[in-house]
Structure formats: structure tokens, C-alpha cells
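Novice: Here it is, the structure in full.
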Amino acid sequence: MQAIAREMNFSETTFLLPPERPDTDVRMRIFTVGTELPMAGHPTVGSTFALARTGVIEPGRERFVFGLGVGPTPVTLAWNGQDLSFVWMTQQAPVFGAPIADPAAAARLLALAPGDLAPNLPVQEISCGVPFVFVALATRAAVDRAVATAERFEAFAAATSIKAHGVFLFSTEPGPDDATVYSRMFAPELGVVEDPATGSASGPLGCYLVRHRLVAPEQASRMLSLQGAKMGRPSHVHISIGTDGGAIASVRVGGESVLAGEGTLYL
């Protein structure tokens, strides 16, 4: 599976297997070009659309459960007649790491100036199954200027003792679109120079936005992250964070998937 993922050279490649436990419908394993992931968002959403296209998920079904490395992961499905139109993936409750003591280290990681960081917001590791470091930037232009290398990421990880799989940078600066945030994600340690859409980071992103009051409570259930625009591959990632008494009670990431091609692989 790792060799196939390396040959395909996508951000992630999924492999669907018979279920390993009775409370799941399938077992799914997810690989980047360099390693296996315990979970990922867009491969889960995309695989749901693929299974619906092939008839494994019958039209009209509202719930399907993937067995991932983090455990059973449910998705809910919306249909337009016989066609799947939207998928919500439920993610785990967030785990917040302590803010990075030296935020300027994140600016150095991204080849930016400390003044490009959004003021009074922490650089912080958050996980809803897979950990990422979140860096809030002041402007969309700063997001576009950022560059990360494996060497700088390794130095940053060593200096901060993080366990993150990548660095997720974003700005809440308004733009000509209706996005809540404008974002990018680099995971050079995993062989992913840049990812056009990162569902596993989008759940924690929503939690960051809610925790640090960057969105009003009434907006928490309908946030939108515009990712991949700098790559020329814009992705619209929907985020819904449920709260109960100010605490985060649910994390969902959703979207649509577009068929780009299909074929046969000979082994």
C-alpha cells in the first residue's frame, strides 16, 4: 500500500478493506507518499463519494461508518435524488497543546517576519485525531508568501517538542469571497509540500477559531475555510463546531467531491 501511494504521488491514497469490527462498515487505511495516517478528512469524504458512485453505499443512506486508525469514524450523507451531494465527517473532541513559547519561531519556519503573525493569538498544536500546529497570520498576503521546508520544520519541531504532522496557517482577513478563513497547509515531514485541502486539520482549525473567539458563537456551525487557492486548486472546506455551555461538544468537517478520473492499476 505504501508503494502504491508513493507511485500515485497524491497527498493521500486510501485503501478499503473488509470491516474489522461490527460497529463499522469498512476498514480504511490512508497513506501519504511517506507514511500511513491514523485518520484524514478529505480522503474520508472523497472515499464516501467513491463508494456511493460504485454502489457500495446505496442511494438515500444517511450514515456510514469507517474504521480508521483512530477508531470508528461516522459520516452523514445528503442526497440529490440518486446522487450524493454532501458529506459531513464527525471528528474527535479537540486536544489543545500549550501555546508555543516563542511565536517568532513559527514565523521563521514559514520564512516570514514576526510582524506577519496575527497579534495576540497563540501558535498552538491542536488535534482531533491528527495533530497540527496552527499559525494565525495578519493578512492573506502573508499566507500566500509563506514557504516551509523539511529542514526548517524539523528544526521547529525539535525546538518546540511538538508532535504535529504539519503546519496550518490562516488569516481571518476578509476577501472577495465568503470564506471565514483563508488557509494553507504544509507537511514536508510527510512528503506533502502543500496540501490543497486538509480535512483532518480543518476540525482543529474550527476549534481554534471558537476557543480564541475569532468567530461569533452563532457562526460556529457554518464556517468556511478557503484552502489551496495559492496552488491554483481552491478547496471549500465546511466546518461545524457545536458548543454546550461554552465548551466544544462536537466537531464536523464537510464538503463535496468531484470525480477527476478513474482507471485500472495492475499489480
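Novice: Which one of these is of a type in the set (Val, Ile, Thr), in a strand (DSSP E or B), out of contact with any Pro (no Cβ under 9 Å at 6 or more places or on another chain) and within 24 Å of VAL237 (Cβ to Cβ): VAL75, VAL65? Spell out the reasoning first.
Specialist: Values: VAL65 fails: out of contact with any Pro (no Cβ under 9 Å at 6 or more places or on another chain).
So the residue among VAL75, VAL65 that is of a type in the set (Val, Ile, Thr), in a strand (DSSP E or B), out of contact with any Pro (no Cβ under 9 Å at 6 or more places or on another chain) and within 24 Å of VAL237 (Cβ to Cβ) is VAL75.
Novice: Quick one: PRO114 ticks every box in (1) closer than 30 Å to ALA155 by Cβ; (2) within 23 Å of the chain's Cα centre (by Cα) except a single one, so which number is it?
Specialist: (2)
Novice: What do you reckon, is LEU68 under 20 Å from GLY206 (Cβ atoms) and either buried (at least 19 other Cβ atoms within 10 Å of the Cβ) or assigned by TED's automatic domain parsing to the domain that holds SER161 (or both)? Steps first, answer last, please.
Specialist: Values: under 20 Å from GLY206 (Cβ atoms): yes; either buried (at least 19 other Cβ atoms within 10 Å of the Cβ) or assigned by TED's automatic domain parsing to the domain that holds SER161 (or both): yes.
When the stated conditions are applied, LEU68 passes them.
Novice: Right, something else. Take the residues of the stretch 116-139 that are in contact with an Asp or Glu (Cβ under 8 Å, 6 or more places away or on another chain) and over 30 Å from THR90 (Cβ atoms): which is surrounded by the fewest Cβ atoms within 10 Å (Cβ to Cβ)? Working first, answer last.
Specialist: Of all residues in the stretch 116-139, those in contact with an Asp or Glu (Cβ under 8 Å, 6 or more places away or on another chain) come to 131-134, 137-139.
Still in the list and also over 30 Å from THR90 (Cβ atoms): 138-139.
Details: ALA138: 17, THR139: 14.
This residue is THR139.
Novice: Scan the stretch 158-186 for residues that are in a loop (DSSP other than H, G, I, E, B) and either β-branched (Val, Ile, Thr) or in contact with an Asp or Glu (Cβ under 9 Å, 6 or more places away or on another chain) (or both) and jot them down.
Specialist: Narrowing the stretch 158-186 to residues in a loop (DSSP other than H, G, I, E, B): 161-166, 172-180.
If the condition is that a residue be in a loop (DSSP other than H, G, I, E, B) and either β-branched (Val, Ile, Thr) or in contact with an Asp or Glu (Cβ under 9 Å, 6 or more places away or on another chain) (or both), then ILE162, LYS163, ALA164, HIS165, GLY166, THR172, THR180 are the ones that fit.
Novice: Residues in the stretch 88-115 that are in contact with a helix residue (DSSP H, G or I) (Cβ under 9 Å, 6 or more places away or on another chain), part of a loop (DSSP other than H, G, I, E, B) and either among the charged types (D, E, K, R) or buried (at least 16 other Cβ atoms within 10 Å of the Cβ) (or both): how many?
Specialist: 7
Novice: Okay, moving on. Please enumerate the residues belonging to the stretch 54-64 that are surrounded by fewer than 17 Cβ atoms within 10 Å (Cβ to Cβ) and in contact with a Ser or Thr (Cβ under 9 Å, 6 or more places away or on another chain). Before the answer, list the steps.
Specialist: If we filter the stretch 54-64 for residues that are surrounded by fewer than 17 Cβ atoms within 10 Å (Cβ to Cβ), which is where we start, we get 54-56, 58-63.
GLU62, ARG63 - these are the residues of the stretch 54-64 that are surrounded by fewer than 17 Cβ atoms within 10 Å (Cβ to Cβ) and in contact with a Ser or Thr (Cβ under 9 Å, 6 or more places away or on another chain).
For (1) over 24 Å from ARG252 (Cβ atoms); (2) modelled with pLDDT under 95, each residue gets a yes or a no:
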{"residue": "ILE4", "(1), (2)": "yes, no"}
{"residue": "GLU12", "(1), (2)": "no, yes"}
{"residue": "ASP25", "(1), (2)": "no, no"}
{"residue": "GLY41", "(1), (2)": "no, yes"}
{"residue": "ARG61", "(1), (2)": "no, no"}
{"residue": "PRO74", "(1), (2)": "no, no"}
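Novice: Between a residue in the stretch 13-29 that is under 14 Å from ALA40 (Cα atoms) and any residue that is assigned to a loop (DSSP other than H, G, I, E, B), which pairs come within a Cβ distance under 7 Å, given they are 6 or more apart or on different chains?
Specialist: Partner pairs satisfying both residue conditions: PHE15/MET1; ARG27/PRO18; ARG27/PRO19; ARG27/GLU20; ARG29/MET1.
The values are calculated or read from the model by the stated rules, or taken from the named source; none is laboratory data. Just so it is clear, the structure is predicted and the values come from calculations on it, not from any experiment. Neighbour counts run over all protein chains shown; Cβ positions are idealised from the backbone, glycine included.
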